[in-house]
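Participant: The structure is given below, and queries will be raised subsequently.
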Amino acid sequence: MRILSGIQPSGILHVGNYFGMMRPSIELQDQGEAYYFIADYHSMTSLYDADLRRDYTRRVAVDFLACGLNPERAVLFKQSDVPEHVELSWILSSVCPMGLLERCHSYKDKIANGVSASHGLFAYPVLMAADILIYDADSVPVGSDQKQHVEVTRDLAQKFNQTYGETFKLPEPRFRDGAETVLGLDGQKMSKSYNNAVEIFGEEKATRKRLMSIVMDSRTPDEPKPDAEKNLAIQLIKHIAPTEIYQDEVEKLKAGGYGYGNLKKRLFELYWEYFRDARARRDELMNNLDYVDQVLANGAAKAREIARPVNQRARRACGLD
Ligand code: TYM
């Protein structure tokens, strides 16, 4: 089984990225041939600062390695080190109906949240389809916000196959069991660009402050809270704590006599503990950036070995070769 996924270096990684994509990807690295890339071409649709892109790209690599990606088992690389993605994206563009892209929610959401409308942003799902198809990927671990993009990928593969003959394999999206979108501090989807995120490797004081600032309703600590499961801090605890601890916190809120201040303190403690080992590994990696750069260079060479022949296959099928 070949597994493939990508993550944009468009900001600092947050716990939504972690639970939606990074953790499942890390778990899958032992179950097949895994290819994970830093989608720097994609980040060009929303980030217009060259130094920041370079910095975020490296930080994604460091964070992913710190969280447990094992470069002996999974290939980690930077998307733009494999420029064949872009050629295939053009090839797929030519069989992509406009209506398919017009229906994509992610484009509309991004525009609604202030990202400028550009051709790149609109055509983003075509590049994403190329990213997936160029590795003959079977399985694509992503958060549920990317489901529609994987469906577009399947549609484009079928369209190309119908037009030029069997060329591409149809991939399957893969979601973590029971996975929901991780919500941000304002109750919307946690996102790098909505200023509602909890960073994976946030600084201690700042993160404590951020979690303590989650706005809750005005019920007194004594009041029982029968709707405890809907509480935002509880929902975050559900991701970062073992089930027994989550259940215990829910019961305490339901019973009454447990204030929101204490709940948020508990949330911070659990968060801090959850990423403790990864934080220590990250400190080591930050002192060894040459190693990180070497992992990316080795990864690019391995990724290209797969991507080049698949791109060749597409070129031959449509008569470019
Ligand atoms: P990106 O960079 O926005 O997010 C990376 C991964 O994190 C998941 N994610 C979340 N999961 C749960 N809750 C959240 N709040 C949350 N926020 C983000 C996303 O679902 C994603 O899996 N288009 C992709 C990058 C990409 C890609 C690809 C992925 C480019 N080419 C090919 C797979 C295959 C994106 O913008 O992810």
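The values are calculated or read from the model by the stated rules, or taken from the named source; none is laboratory data. What you are looking at is a predicted structure, and each value in this text was computed from that prediction instead of being measured. Note that each Cβ is placed from the backbone with ideal geometry, even for glycine, and that neighbours are counted across all protein chains shown.
Participant: When you go through (1) under 25 Å from ILE26 (Cβ atoms); (2) without any contact (Cβ under 8 Å) to a residue 60 or more places away in the chain one by one for GLY143, which number turns out not to apply?
Facilitator: (2)
Participant: Let me ask another. Scan region 237-255 for residues that are without any contact (Cβ under 8 Å) to a residue 24 or more places away in the chain and in a helix (DSSP H, G or I) and jot them down. Reasoning before the result, please.
Facilitator: Taking region 237-255 and keeping what is without any contact (Cβ under 8 Å) to a residue 24 or more places away in the chain, we get 238, 242-244, 246-252.
The answer is LYS238, THR243, GLU244, TYR246, GLN247, ASP248, GLU249, VAL250, GLU251, LYS252.
Participant: Return the total of residues in region 210-223 being in a helix (DSSP H, G or I) and under 25 Å from the mean Cα position of the chain (by Cα).
Facilitator: Kept after step one, since they are in a helix (DSSP H, G or I), are these residues of region 210-223: 210-212.
Add one more test, that the residue is under 25 Å from the mean Cα position of the chain (by Cα), and what stays is 210-211.
Residues in region 210-223 being in a helix (DSSP H, G or I) and under 25 Å from the mean Cα position of the chain (by Cα): 2 in total.
Participant: Next question, about the same structure. Is there a residue in region 153-169 that is more than 17 Å from HIS85 (Cβ to Cβ), exposed (fewer than 15 other Cβ atoms within 10 Å of the Cβ) and not polar (S, T, N, Q)?
Facilitator: Taking region 153-169 as the starting set, the residues that turn out to be more than 17 Å from HIS85 (Cβ to Cβ) are 154-155, 158-159, 161-166.
From what is left, the residues that are exposed (fewer than 15 other Cβ atoms within 10 Å of the Cβ) are 158, 162-163, 165-166.
Then keep just the ones that are not polar (S, T, N, Q); that gives 165-166.
The answer is yes, given that some residue of region 153-169 is more than 17 Å from HIS85 (Cβ to Cβ), exposed (fewer than 15 other Cβ atoms within 10 Å of the Cβ) and not polar (S, T, N, Q).
Participant: At least 2 residues that are within 25 Å of the chain's Cα centre (by Cα) and farther than 19 Å from PHE37 by Cα in each: list the helices (runs of 4 or more DSSP H) lying fully within region 256-321 that qualify. Break it down into steps so the answer makes sense when it comes.
Facilitator: On the way: elements: 260-274, 276-286, 289-318.
The helices (runs of 4 or more DSSP H) meeting that bar are 260-274, 276-286.
Participant: Is at least one residue of region 162-177 in contact with a strand residue (DSSP E or B) (Cβ under 9 Å, 6 or more places away or on another chain) and hydrophobic (A, V, I, L, M, F, W, C)?
Facilitator: Yes: region 162-177 contains one or more residues that are in contact with a strand residue (DSSP E or B) (Cβ under 9 Å, 6 or more places away or on another chain) and hydrophobic (A, V, I, L, M, F, W, C).
Residue by residue, here is whether (1) of a type in the set (Lys, Arg); (2) over 27 Å from ASN311 (Cα atoms); (3) not in a helix (DSSP H, G or I) holds:
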| residue | (1), (2), (3) |
| --- | --- |
| LYS147 | yes, no, no |
| THR153 | no, no, no |
| LYS159 | yes, no, no |
| GLU166 | no, no, yes |
| PRO173 | no, no, yes |
| THR181 | no, yes, yes |
| GLN235 | no, yes, no |
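Participant: Is there a residue being outside the structural domain of ALA112 (by TED's automatic domain parsing), under 29 Å from ASP277 (Cβ atoms), of a type in the set (A, V, I, L, M) and away from the ligand (no atom under 16 Å from the Cβ) anywhere in region 178-200?
Facilitator: No - not one qualifying residue is present in region 178-200.
Participant: Among (1) modelled with pLDDT of 95 or more; (2) surrounded by 19 or more Cβ atoms within 10 Å (Cβ to Cβ), there is one condition PRO141 misses while meeting the rest; what is its number?
Facilitator: (1)
Participant: Give the residues of region 21-64 that are acidic (Asp, Glu) and closer than 22 Å to SER193 by Cβ, sorted by residue number. Outline the logic, then answer.
Facilitator: The first filter runs over region 21-64 and keeps only residues acidic (Asp, Glu), leaving 27, 30, 33, 40, 49, 51, 55, 63.
Within region 21-64, ASP40, ASP49, ASP51, ASP55, ASP63 qualify.
Participant: Report every pair of residues separated by at least 6 positions or lying on different chains whose Cβ atoms are under 9 Å apart, first residue within region 296-321 and closer than 16 Å to GLY165 by Cβ, second aromatic (Phe, Trp, Tyr) and part of a helix (DSSP H, G or I).
Facilitator: Hits for this filter: ALA314/PHE160; ALA314/TYR164; ALA317/PHE160; ALA317/TYR164; CYS318/PHE160; CYS318/TYR164; GLY319/TYR164.
Participant: So which residues in region 166-196 are aliphatic (A, V, I, L, M), within 30 Å of ILE134 (Cβ to Cβ) and within 16 Å of the chain's Cα centre (by Cα), if there are any at all? Explain how you work it out, then say what you get.
Facilitator: First, the residues of region 166-196 that are aliphatic (A, V, I, L, M): 170, 179, 182-183, 185, 190.
Then drop every residue that is not within 30 Å of ILE134 (Cβ to Cβ), which leaves 170, 179, 182, 190.
Across region 166-196, the qualifying residues are ALA179, VAL182, MET190.
Participant: Any idea which of (1) away from the ligand (no atom under 15 Å from the Cβ); (2) closer than 30 Å to SER43 by Cα is the one ASP222 doesn't satisfy?
Facilitator: Going through the list (1) away from the ligand (no atom under 15 Å from the Cβ); (2) closer than 30 Å to SER43 by Cα, ASP222 breaks only (2).
Participant: Something else: Would you check which residues across region 249-272 are of a type in the set (Lys, Arg), within 16 Å of VAL215 (Cα to Cα) and out of contact with any helix residue (DSSP H, G or I) (no Cβ under 7 Å at 6 or more places or on another chain) and list them? Outline the logic, then answer.
Facilitator: Within region 249-272, the first condition is being of a type in the set (Lys, Arg), and the residues that meet it are 252, 254, 264-266.
If we keep only those that are within 16 Å of VAL215 (Cα to Cα) as well, we get 264-266.
Selection gives LYS265 alone.
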